[in-house]
Every structure is written in structure tokens, then in C-alpha cells.
1. Work out which trypsin sites (Lys or Arg not before Pro) in the chain are exposed loop sites (DSSP not H, G, I, E or B, at most 15 other Cβ within 10 Å) and give the longest gap free of them.
2. If I model a spin label at residue 250 and residue 31 as a point 7 Å from the Cα along the Cα→Cβ vector, what separation in nanometres do I get?
3. Which GluC sites (Glu not before Pro) does the range 329-425 hold that lie in a coil by DSSP with at most 14 other beta carbons within 10 Å?
4. Out of residues 5 or more away from residue 271 or on other chains, whose amide H comes under 5 Å of its own, with H placed 1.01 Å from N in the peptide plane?
5. Can you compute 3J(HN,Hα) from phi for each residue in the range 242-252, using the Karplus curve 6.51 cos²θ - 1.76 cosθ + 1.60 with θ = phi - 60°, rounded to whole Hz and x for Gly and Pro?
6. Compute the Cα gyration tensor for the chain, then decide on rounded, prolate or oblate, letting a ≥ b ≥ c be the square roots of its eigenvalues: rounded whenever a/c is under 1.5, prolate when a/b is larger than b/c in the other cases, and oblate in all that remain.
7. For the range 15-91, state which GluC sites (Glu not before Pro) are in a DSSP loop and have at most 15 other beta carbons lying within 10 Å of their beta carbon.
8. In the range 233-333, how many lysine pairs have Cα atoms under 17 Å apart, counting only pairs 8 or more places apart or on different chains?
Amino acid sequence: MSEAEKDFIKAHQNDEVTTLLLQAKKYPNLNIPDLVLQIKARQKAKVKLPEWSENEGIVFPKMLSVEQCSSEITAKFKASLVEGETLIDLTGGMGVDIAYMSKNFQKAFYIEQNTDLLNVTKYNFEQLGIKNVAFIEGNSVECLSEINVAKDDLEDLELKDKSNPEIHQSDESKFRQNNWIYLDPHRRDDTGSKVVRLQDCEPNILSIKDLLFKKTDNILLKASPMLDIDLAISDLGNVSHVYVVAVENEVKEVLFHLQSPLSVGEGLGVRLHAVNLTKNNQTELSFSKSQEKNATIKLGSPQQYLYEPNAAILKTGAFRFTAQHFDLQKIAPHSHLYTSKELVENFQGRTFKILAVCKLDKKEISKYLTENKANVTIRNFPLTVKQIREKLKLSEGGNEYLFATTDAQNQKIVIICRRTGILPV
């Protein structure tokens, strides 16, 4: 970008983009539609990619790439999982993930078949000072197929980018162990609709897994947060770890670490990690499928405190293990709500002080509400939140929380409570 274009973006970075488009005639020497797209992307990136949005030299690609790319906070988490000599990113895209993960490797390779996107990413990496990433244009599977399996793999890759510095070779075994392949398959079909199943994504990891394991012993796969984890473990095989990553209690992605050689049978040896990231904190609950299966739980009626696990824990399915780990009683086998007499301060989720337990009765519930409003949640209950609000004539919000659920005696109950002073984690 020219200095004039950078100045315009900086001067109007917080402006309404529709208004700027209407004022395009005021700036005859600038391509306002293109600059407005840059401003719109920066406004979105201000939260999602703060380090990138603060760099005036960054050029953002089409909005779809910005919308689909990983956030800075999740990219940094992925970087904490991998390290070694060489990283190969098969699905380069906007390059956010490899930008952070490459810091833990001597060399990294970005493969992308979209020429424009590759060129933008290469330019942006220059602005960010990232120098250990080589760029390869083409179909990732075809590019990988051309690489010989031997200790000179790196040399073959080097031929595609002659400007790269020489890298010392290692024997094949060491290379495989210290080499990672990362992929974030495209999750939209030909009509642009979102897809979830692994076999519907591009590339299809199920069809290329054997090829990938000829190049490495470690694969990190990013999948949809809607994916059925148990089914994916069964389909993939070779899964050693699953990371369910939430940001501010919203699940954003599911990561699978595949290792070879590895046989996990029914998946009981797989280690699951429920991770919740916030701006200033990170919590993680780790367990194996066998620990969840064999966890001892106690059922009990609501006592003094109520606990709701965070979204990552719920997604991993740590329903029994959560009760055992935090020494809590489960209100019912299928409610996924927990209770205790004494406050558990390190619970990973939301914690509430119970005010009362009653039936779904407007007159009874209204006794405990400071306003004619409440926050309503259902867990194993036959009515929807909307139906409960209509029945109780309540609006959203307020200081009180209603949990409509079914207890261990199969009774439909409403637990009325308020948040404790403990922040959600």
C-alpha cells in the first residue's frame, strides 16, 4: 500500500464503512471501495487479530478469509502444542496459525493453491518479520506427494524456494519425529454451505492420512466445533489427544493430535483436554476416556451451591469425571449440573448460590425475583427457554438465574439462584 492509502485507513479506521463509500467522490485519487474493505477487515481484526490490526503494513485478503481464519488467541494456543525442526501447513489460507506456530520450528512451509491469497500472506509475513516460512503454490496433497520420504525431504522442499537458507539434514527417523503437519480443512461445500463431517471437508483427512504419515509421526488437525468427537476418534484412529478450545466460554475449534505408530483401540486411551481461553486466563481440564467411563459419582438433591461446567467441558463429555474431580454431587444422571454444601472455588464454569428449589410455578418463583426478569437455562427439561419465559411472563436478564431441569427422582424442578463473586472460567 502507498503511504496515502495507509494514512487514509488510519484516519478512518473507526468510521462507518457505508458512509465512507458514499463519500468516495471526495477522494478521486484513492480506490475507496478497496480501502473500505481494508477498514472493515481491520475493524473485525481489532478483536480477532489485535497484533495484526495494529501493524499498519498488513493487507487483509477477502472478508471470507478474515472470517474463517483462526483468532490470535487460538493460534497462540496451537503454537503451545507443537515444536520441532519442520512444520508443514497444508492449508495455508491467511496464515494466522502458521505465523504463530512457526516460531517453534527451525523451518516452516506454507502450501496454498490460491495465488492471490498466497501473495498477500507472503507480503504480510514480511511486514510481521517472519523469515523462516517458505511459500509453495499448488494443491497441498499433490505437493506433498512429490516429496521423497528420506532424510533429504527438506532439500526437496528447498528446491521450491531457492532463497531459503541451508538447513542441516537429519536421519529419517529423527526427521519424522521432529516434523509436524498441520491442516485446517475447508469446511464449505460447492454451494458455500458449512459442512462438519471430516469426509466432507477439503482435503479429506481420512483419505490422505496414510500419505501424511509417510512424512511425519505428528499431525495436528483442526476440525469444526460441531464435530462428534467420539465418531471422529473412531474414524481417524491414531488419535492421542483431543483439545476442545473455547474462547470466553464459546467453543471455537476442536483439535486432534494424530500420532504414528499408535493404536488406541476404542479410544479409551485418548487424552481429552477441555480448554477455555480468556484475555487474562487459561483453564484446562484433562482426562482420558477410560477415566470418564470409570469415574465414581454421587447423586444428590440441590444443596447450597450449583455448578454449570464451561462449554469446553460439556463438549468433551466430561460429565462423570467433572463430579469426581471437583468432589461434587450430580443432580441427575443426565442433567450435567452439580451441587455441594461448601463452595468449590476452583470450579471451571459458572458457580451459583442456590436461593430455592420449586416447581415451574409463577407465583412461587416470583417470590425470589428482584425484578420481573431472569436468566433461564434448561438442562434435560421438556420445555424450551421461550416456553418457560411465556409461562412465567419473564423477560431476559436480571440478577437471578433459573435452571429448569429433572432431578434424580425424575421430578421436573426449577433451581433459583444468583451468581457468586467468583468469575467464570
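1. 63-130
2. About 3.2 nm, to one decimal.
3. Values: sites: 342, 345, 364, 371, 390, 396, 400; in loops: 342, 345, 371.
Qualifying residues, ordered by number: 342, 345, 371.
4. For residue 271, whose amide H was placed from the backbone, the distant partners under 5 Å are 241, 242.
5. Result, rounded to whole Hz: 10, 10, 9, 10, 10, 10, 6, 6, 10, 5, 10.
6. oblate
7. 16, 54, 56, 83
8. 6
All of the numbers you see were taken from the coordinates with simple rules; none came from a lab. What you see is a predicted model; the values in this text were computed from it and never measured. No Cβ is skipped: glycine too gets one built from the backbone with ideal geometry, and neighbour counts run over all protein chains shown.
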